[in-house]
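Got a structure for you, questions after.
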Amino acid sequence: HEYEEDIALFEEVRVEFGAWVAQRERIRKIMEERLAQAVSGEERLTVAKMKVGELLEQLEIDLLPEPALRILEGPWKKLLTILWLREGEEGQNTRKAVKIARLIEKYLAEGSVSFRREELLAEIPEIIGGLKKGFSYISLDRKKSARLLNGLQSCFIEVLRPLPSRPRVVVETDERQERKERVQEERCGEPEPEKAEPDEFDHKVAGIAEGT
C-alpha cells in the first residue's frame, strides 16, 4: 500500500515537473520571437532612414531657404520614414510625399531652373494641401504646423515677385556645387548639437518598425 502511494506521488511530481518544463519552453519561444521582432524592426527602421536620407540628399536641400529646409528636415522627413515603413518605397502615399518634396525643391532651391509664374500658382494649392495632410498624419502640433506653412508661403510669395523687385542671381552648376560643399564644410566645423530627446514622432516610427 505504501509502495502504491509512493508511485502515485512520483507520478504527481512528474506531471507537475512536465507542466513546468512546458511552460518554460513557451516563455522561451515567446522571448525569442520578441527579440527577433525587435531586431527586424530596428533593421527596417535603419533602412527606412537611410532611404529617406538618400532622397533628401538627391534633392539638394542645402540650397533651399530656411523655412523649406525646416519642413523637409523635420516633420516631412519623419513622415517619409513612417510611410516607407508602412507602404514601402512604391506606396501611393509615399510617392505623394516624395512629389511634394520634389515640388518644393523645384520652385524654391537656389539656382533652380526657371519656371512659369502660372505654373507655380497652379501647384501651390497641391503643395500646401499635401503638407497639411502630412502634418495631420503625424499629429504635428497645429501651431507649429501653421508657423511652418506660413514660412513656406512667404518663400513662395518671394519667388513670385516680379523680377525687377526681386533681384536673383542665376547660380551656375559649378557655383551651386561649391556653395553646397561650403555649407557642408561649415556644418562639419560646427560643434555637434546636443542629442534631442525622442518625441512623439520618434516613438511612433519605432512602434511601426516593430510592428506594434
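The values are calculated or read from the model by the stated rules, or taken from the named source; none is laboratory data. Since we're looking at a predicted model, the values are computed, not measured. Here the Cβ is made from the backbone with ideal geometry for all residues, glycine too, and neighbour counts use every protein chain on show. When the accessible area is computed, the model is the full protein with side chains, heavy atoms only, and any ligands, DNA or RNA have been set aside. Shrake-Rupley method; radii C 1.70, N 1.55, O 1.52, S 1.80 Å.
Got a sec? Which of Val21, Val39, Val15, Val52 is open to solvent by less than 60 Å² (accessible area, probe 1.4 Å) and either modelled with pLDDT of 85 or more or more than 16 Å from the chain's Cα centre (by Cα) (or both)?
Values: Val21 fails: open to solvent by less than 60 Å² (accessible area, probe 1.4 Å); Val39 fails: open to solvent by less than 60 Å² (accessible area, probe 1.4 Å); Val15 fails: open to solvent by less than 60 Å² (accessible area, probe 1.4 Å).
One residue alone meets the criteria, Val52.
Return the residues of segment 107-122 that are surrounded by fewer than 17 Cβ atoms within 10 Å (Cβ to Cβ), of a type outside the set (Gly, Ala, Ser) and part of a helix (DSSP H, G or I); say none if nothing qualifies.
Listed by number, the residues that qualify are Arg117, Glu118, Glu119, Leu121.
Can you find a residue in segment 72-81 that is among the polar types (S, T, N, Q) and assigned to a helix (DSSP H, G or I)?
Taking segment 72-81 first, the residues among the polar types (S, T, N, Q) are 81.
Then drop every residue that is not assigned to a helix (DSSP H, G or I), which leaves 81.
Yes - at least one qualifying residue is present in segment 72-81.
What number of residues within segment 123-161 satisfy the criterion of being of a type in the set (S, T, N, Q), part of a helix (DSSP H, G or I) and within 16 Å of Gly74 (Cβ to Cβ)?
The qualifying residues number 3.
Next up: So, of the residues in segment 83-106 that are under 14 Å from the mean Cα position of the chain (by Cα) and outside any helix (DSSP H, G or I), which turns out to be nearest to Phe156 (Cα to Cα)?
Residue satisfying both the conditions and the ranking: Glu89.
Working only within segment 94-122, note down all residues that are charged (D, E, K, R) and more than 26 Å from Lys78 (Cα to Cα).
The answer is Arg116, Arg117, Glu118, Glu119.
May I ask you to list the residues in segment 109-143 that are in contact (Cβ under 8 Å) with a residue 40 or more places away in the chain and basic (Lys, Arg)?
Answer for segment 109-143, where residues must be in contact (Cβ under 8 Å) with a residue 40 or more places away in the chain and basic (Lys, Arg): just Arg117.
Here is a follow-up. Collect the residues in segment 137-155 that are among the aliphatic types (A, V, I, L, M) and surrounded by 15 or more Cβ atoms within 10 Å (Cβ to Cβ), keeping them in residue-number order.
If the condition is that a residue be among the aliphatic types (A, V, I, L, M) and surrounded by 15 or more Cβ atoms within 10 Å (Cβ to Cβ), then Ile138, Leu140, Leu148, Leu149, Leu152 are the ones that fit.
Pick from segment 123-136 the residues that are in contact with a helix residue (DSSP H, G or I) (Cβ under 9 Å, 6 or more places away or on another chain) and either among the hydroxyl-bearing types (Ser, Thr, Tyr) or open to solvent by 70 Å² or more (accessible area, probe 1.4 Å) (or both): which of them is farthest from Met50 (Cα to Cα)?
Across segment 123-136, the extreme among qualifying residues is Glu126.
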